[in-house]
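Enquirer: One structure follows; several queries about it will come next.
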């Protein structure tokens with residue numbers, strides 16, 4: 001392979017790697033943009049924002065309360081006080097032990113020298129020891145103080161018994177100018193960083209305000225400090241203060257004693273950032289835990305909002321589409337697999353939408369049926385009216401007038417039934433339901449039907465079955481929830497319909513009994529059945545459901561236009577509004593020799609759920 005070919009291969013490889021890197025960058029950028037759009041879309045929901053803010057707000061309130069009310073600060077101060085007290089007692093004992101008698105400070109009595117005889121010498125009597133002074137020699141005490149105080153990072157000051165400063169571990173100057181050292185060198189301070197300023201501001205907000213202010217008196221009289229004055233009086237005392245920066249200063253003063261005589265006082269105090277740095281470290285650990293918890297809470301809040309706000313938004317959008325859409329059915333998102341309120345809401349909206357569309361279709365169908373049913377008598381009436389002026393024979397005129405009268409009555413009956421059917425839904429929705437004794441309602445309808453005189457002389461009988469299982473003398477209470485007047489209208493329609501098909505002298509039989517029905521929700525429900533039997537010709541096999549359609553009539557022997565065909569439709573509408581059902585079938589007898597089953601009459605079965 002030539003050099004040019006080798007370079008071309010290498011260049012192609014480099015270009016491939018560059019293309020791969022560009023594709024990877026584009027994929028990463030696309031994923032980032034997708035995630036950002038997802039988060040922004042989530043936060044476009046006010047419910048999502050409220051969930052996140054409330055959850056994080058509670059966590060922030062817990063953090064602030066914990067930082068402000070936690071007992072770590074008090075425990076740390078107490079432990080520091082005990083430590084300082086132990087250190088101060090050790091250092092004070094070492095300082096007292098290092099103090100020695102100054103030999104060049106022996107006091108000589110001049111009067112005794114004048115009284116000496118020639119050849120006598122002056123000797124120090126034992127009782128003159130009381131004139132010797134024990135002092136705190138800075139040259140001897142300084143190294144001891146340095147060795148003991150330096151490792152503890154505390155500031156040590158020694159005052160003589162008059163309150164004057166002898167040694168200060170922080171200052172390079174002392175009253176004796178013998179010992180000079182500094183435990184914490186002060187560096188040149190520049191401008192405080194922004195984060196430190198923010199931390200100082202937050203620390204100031206969380207700091208307790210009841211601590212006294214600490215002021216450094218320098219080389220002033222140590223008795224200005226209450227604890228030093230107390231130590232020079234012979235007892236130890238500790239005080240917790242705060243300096244100008246708000247940093248906590250813990251100080252303790254103990255007496256320096258030798259042979260039970262107070263020779264001075266030792267004042268130990270913490271550095272300005274000693275306790276606060278520990279507290280800041282502990283609080284920062286809490287803040288780190290808070291940040292992790294806040295991140296987890298934020299993710300969980302987004303998840304919760306996604307399971308609540310997003311389905312609600314989709315349901316609201318679907319409901320808005322249903323409100324605007326008029327051409328076709330709009331589907332509501334199905335969340336019924338969820339066992340929470342969102343699932344219930346989705347199911348309720350889907351059922352409501354289905355009922356709404358069914359109602360719209362029913363209204364459209366009803367309007368079409370009404371127009372069709374009204375058009376027939378109007379057409380007949382117009383033809384009769386147009387033919388009447390040209391009819392010459394009186395018999396033809398009378399026949400046309402009879403047709404006009406029949407069509408007018410038919411129109412009046414249709415309009416009355418249509419008005420009744422159109423008012424029914426609104427009335428059932430607005431009227432208050434109550435507990436109805438269905439046995440009393442049916443008995444009243446049967447009594448009225450038997451008292452009304454009719455040419456067919458058909459008798460109506462009622463049989464009530466069923467007794468309580470625990471007491472055979474107590475009958476079952478036939479109580480349902482509904483409207484007694486509308487239920488009475490149903491049984492009046494069914495009895496009139498059965499009488500119209502029964503032969504003269506026949507019997508319409510009603511039977512009431514307890515029963516159970518399998519509901520559409522998938523469980524058995526208790527209720528009552530009311531069975532209405534007649535002795536008519538029965539119902540055609542293909543018309544068991546059609547007879548409940550609006551304007552459907554099948555009365556071959558009753559003449560045309562005698563019924564509007566709305567009675568059974570209204571009855572089913574009322575029964576279904578009460579949560580029940582109504583069905584139609586035939587009563588059959590034994591099979592004949594020719595293999596035909598004898599029809600004994602029609603049977604209507606009404607089921608109503610029991611009141612609870």
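The values are calculated or read from the model by the stated rules, or taken from the named source; none is laboratory data. Only a predicted model underlies this, so the values are computations on that prediction, with no experimental measurement involved. Here the Cβ positions follow ideal geometry from the backbone for every residue, glycine too, while neighbour counts run over all protein chains shown.
Enquirer: Just a yes or no: is a residue in the stretch 171-193 at pLDDT 60 or above and either outside any loop (DSSP other than H, G, I, E, B) or surrounded by 15 or more Cβ atoms within 10 Å (Cβ to Cβ) (or both)? Let's see the steps before the verdict.
Expert: Looking only at the stretch 171-193, we keep the residues that are at pLDDT 60 or above, and these are 171, 193.
After this cut, where a residue has to be either outside any loop (DSSP other than H, G, I, E, B) or surrounded by 15 or more Cβ atoms within 10 Å (Cβ to Cβ) (or both) as well, the list is 171.
Within the stretch 171-193, one or more residues are at pLDDT 60 or above and either outside any loop (DSSP other than H, G, I, E, B) or surrounded by 15 or more Cβ atoms within 10 Å (Cβ to Cβ) (or both).
Enquirer: Looking only at the stretch 210-230, which residues are without any contact (Cβ under 8 Å) to a residue 60 or more places away in the chain and either in contact with a helix residue (DSSP H, G or I) (Cβ under 8 Å, 6 or more places away or on another chain) or crowded, with 19+ Cβ neighbours inside 10 Å (or both)?
Expert: 214, 217, 225, 227, 230
Residue-wise test of (1) buried (at least 16 other Cβ atoms within 10 Å of the Cβ); (2) modelled with pLDDT under 85; (3) part of a loop (DSSP other than H, G, I, E, B).
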residue: 508; (1), (2), (3): yes, no, no
residue: 512; (1), (2), (3): yes, no, no
residue: 539; (1), (2), (3): yes, no, yes
residue: 557; (1), (2), (3): no, yes, no
residue: 561; (1), (2), (3): yes, yes, yes
residue: 564; (1), (2), (3): yes, yes, yes
residue: 572; (1), (2), (3): yes, no, no
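Enquirer: Has the stretch 330-350 got any residue that is free of Cβ contacts under 8 Å to residues at least 24 places away in the same chain and farther than 30 Å from residue 48 by Cα?
Expert: No, every residue in the stretch 330-350 fails to be free of Cβ contacts under 8 Å to residues at least 24 places away in the same chain and farther than 30 Å from residue 48 by Cα.
Enquirer: Still on this structure, please answer the following. Could you list all residues from the stretch 436-464 that are modelled with pLDDT of 85 or more, closer than 25 Å to residue 574 by Cα, more than 52 Å from the chain's Cα centre (by Cα) and not in a helix (DSSP H, G or I)?
Expert: Going residue by residue through the stretch 436-464, those that are modelled with pLDDT of 85 or more are 436-450, 458-464.
If we keep only those that are closer than 25 Å to residue 574 by Cα as well, we get 436-450, 460-464.
From the residues that got through so far, the ones that are more than 52 Å from the chain's Cα centre (by Cα) too are 443-450, 460-464.
460, 461, 462, 463, 464, listed by residue number.
Enquirer: Out of (1) modelled with pLDDT of 85 or more; (2) within 21 Å of residue 481 (Cα to Cα), what's the single condition that is false for residue 603?
Expert: (2)
Enquirer: Examine the stretch 477-486 for a residue that is at pLDDT 85 or above, in contact with a strand residue (DSSP E or B) (Cβ under 8 Å, 6 or more places away or on another chain), within 24 Å of residue 424 (Cα to Cα) and part of a helix (DSSP H, G or I), and state whether such a residue exists.
Expert: Yes: one or more hits.
Enquirer: Residues that are over 27 Å from residue 51 (Cα atoms), out of contact with any helix residue (DSSP H, G or I) (no Cβ under 6 Å at 6 or more places or on another chain) and surrounded by fewer than 15 Cβ atoms within 10 Å (Cβ to Cβ): does the stretch 282-300 have at least one?
Expert: Looking through the stretch 282-300, none of the residues is over 27 Å from residue 51 (Cα atoms), out of contact with any helix residue (DSSP H, G or I) (no Cβ under 6 Å at 6 or more places or on another chain) and surrounded by fewer than 15 Cβ atoms within 10 Å (Cβ to Cβ).
Enquirer: Please verify whether the stretch 514-534 includes one or more residues that are at pLDDT 90 or above, under 28 Å from residue 414 (Cα atoms) and outside any strand (DSSP E or B).
Expert: Yes - at least one qualifying residue is present in the stretch 514-534.
Enquirer: Within the stretch 336-344, does at least one residue satisfy the condition of being assigned to a helix (DSSP H, G or I), assigned by TED's automatic domain parsing to the domain that holds residue 415, in contact with a helix residue (DSSP H, G or I) (Cβ under 7 Å, 6 or more places away or on another chain) and surrounded by 13 or more Cβ atoms within 10 Å (Cβ to Cβ)?
Expert: To start, the set of residues in the stretch 336-344 that are assigned to a helix (DSSP H, G or I) comprises 341-344.
Narrowing the set further to residues that are assigned by TED's automatic domain parsing to the domain that holds residue 415 leaves 341-344.
With the extra rule that they be in contact with a helix residue (DSSP H, G or I) (Cβ under 7 Å, 6 or more places away or on another chain), the set shrinks to 342.
Those still in the list that are surrounded by 13 or more Cβ atoms within 10 Å (Cβ to Cβ) too: 342.
The answer is yes, given that some residue of the stretch 336-344 is assigned to a helix (DSSP H, G or I), assigned by TED's automatic domain parsing to the domain that holds residue 415, in contact with a helix residue (DSSP H, G or I) (Cβ under 7 Å, 6 or more places away or on another chain) and surrounded by 13 or more Cβ atoms within 10 Å (Cβ to Cβ).
Enquirer: Looking at (1) surrounded by 14 or more Cβ atoms within 10 Å (Cβ to Cβ); (2) within 20 Å of residue 165 (Cβ to Cβ), can you tell me which one residue 247 breaks?
Expert: Among (1) surrounded by 14 or more Cβ atoms within 10 Å (Cβ to Cβ); (2) within 20 Å of residue 165 (Cβ to Cβ), the lone unmet condition for residue 247 is (2).
Listed here are the residues, each with its yes/no results for (1) closer than 28 Å to residue 56 by Cα; (2) in the same structural domain as residue 158 (by TED's automatic domain parsing); (3) part of a strand (DSSP E or B).
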{"residue": "244", "(1), (2), (3)": "no, yes, no"}
{"residue": "250", "(1), (2), (3)": "no, yes, yes"}
{"residue": "265", "(1), (2), (3)": "no, yes, yes"}
{"residue": "279", "(1), (2), (3)": "yes, yes, no"}
{"residue": "288", "(1), (2), (3)": "yes, no, no"}
{"residue": "302", "(1), (2), (3)": "yes, no, no"}
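Every residue, every condition in (1) in a helix (DSSP H, G or I); (2) surrounded by 11 or more Cβ atoms within 10 Å (Cβ to Cβ); (3) over 59 Å from the mean Cα position of the chain (by Cα), yes or no:
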position	(1), (2), (3)
358	yes, no, no
365	yes, yes, no
371	yes, no, no
380	yes, yes, yes
384	yes, yes, yes
396	yes, yes, yes
402	yes, yes, yes
406	yes, yes, yes
411	yes, yes, yes
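Conditions (1) at pLDDT 75 or above; (2) closer than 19 Å to residue 300 by Cβ; (3) surrounded by 11 or more Cβ atoms within 10 Å (Cβ to Cβ), marked per residue:
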site: 8; (1), (2), (3): no, no, yes
site: 12; (1), (2), (3): yes, no, no
site: 22; (1), (2), (3): yes, no, no
site: 25; (1), (2), (3): yes, no, no
site: 43; (1), (2), (3): no, yes, yes
site: 47; (1), (2), (3): no, yes, yes
site: 55; (1), (2), (3): yes, yes, yes
